[in-house]
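> One structure coming up, written as structure tokens, with questions to follow.
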Amino acid sequence: MQFGYTIIYVEDVAQTITFYEAAFGLQRRFLHEGGDYGELETGSTALAFSSLKLMAQLGKNPQRASAGAPCFEIAFTTPDVAAAVARAVSAGARLVQAPEQMSWGQTVAYVADRNEVLVELCTPMVPPAQA
């Protein structure tokens, strides 16, 4: 089995994709002609968005994201967390936590996207040295 994609439910898929292109430098894979579903290239998996309206039409009860009380987060790795935070904030993200050096060696920061999805911006994890 292979992990294919994550879908985040949002109010406006097109605006969200445009935001992620500007804030995080991701590339649009596609946006469905109806505007209720789209995907971004992120490497081996895709980051996808579906409209809250479409999910309700499909009989689901989608909940809006809340950066203040998240039930998930997405994370992007970068060698320059401070620059990534500055780019995201200038594109409209809200700073949640400034870059901080963690005890395990990783630099981590958090922003909230336009939909209040919690986004971690961090340096890549380095696996512990093998004995």
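> What share of the DSSP beta bridges in the chain is antiparallel, in percent to the nearest 5?
Bridges in the chain that DSSP calls antiparallel: roughly 65 percent.
> Report the relative contact order of the chain, percent, no decimals, based on alpha-carbon pairs under 8 angstrom and at least 6 residues apart.
Relative contact order for the chain comes out at 23 percent.
> If you line up the long axis of helix 81-90 against the longest principal axis of the chain, both from Cα atoms, how many degrees apart are they, to the nearest 10?
For helix 81-90, the angle is close to 30 degrees.
> Please give the direction-averaged projected area of the C-alpha convex hull for region 8-78, in square nanometres with one decimal.
5.4 nm²
> A further question on this structure: Output the 0 to 90 degree angle, nearest 10, between the alpha-carbon long axis of helix 13-24 and the longest principal axis computed from the alpha carbons of the chain.
That works out to roughly 20 degrees.
> What's log10 of I(q)/I(0) for the chain at q = 0.15, 0.21 Å⁻¹, Debye sum over Cα points only, no solvent?
Here the Debye-derived log intensity ratios amount to -0.74, -1.30.
> Given points 7 Å out from each Cα along the Cα-Cβ axis, report the Ser66 to Val89 separation in nanometres with one decimal.
Taking the two extended label points, one gets 2.5 nm.
> So how strong a dipole does region 1-63 carry about its Cα centre when Lys and Arg Cβ are +1 and Asp and Glu Cβ are -1, to the nearest 20 debye?
Using Cβ point charges on Lys, Arg, Asp and Glu, region 1-63 gives about 160 debye.
> So between Glu116 and Gln97, what do we pick up on full extension, going 0.36 nm a residue minus the alpha carbon distance?
That pair, Glu116 and Gln97, stretches by 5.5 nm at full extension.
> Per-residue ellipticity at 222 nm for the chain, helices alone: DSSP H runs ≥ 4 residues times -39500 (n - 2.57), over residue total, nearest 500 deg cm²/dmol?
After summing the helix terms and dividing by the residues of the chain, the value is -6000 deg cm²/dmol.
> Once the dipole of region 45-110 is set up with Lys and Arg at +1 and Asp and Glu at -1 on Cβ about the Cα centre, which of Val81, Ala91, Met55 lies farthest towards its positive end?
Most positive-ward Cα: Met55.
Values quoted throughout were computed directly from the atomic coordinates according to the rules given, and no laboratory measurement underlies them. Treat the numbers as computed from the prediction; the structure is a model and nothing was measured. Glycine gets a Cβ as well: all are built from the backbone with ideal geometry, and neighbour counts include every protein chain shown.
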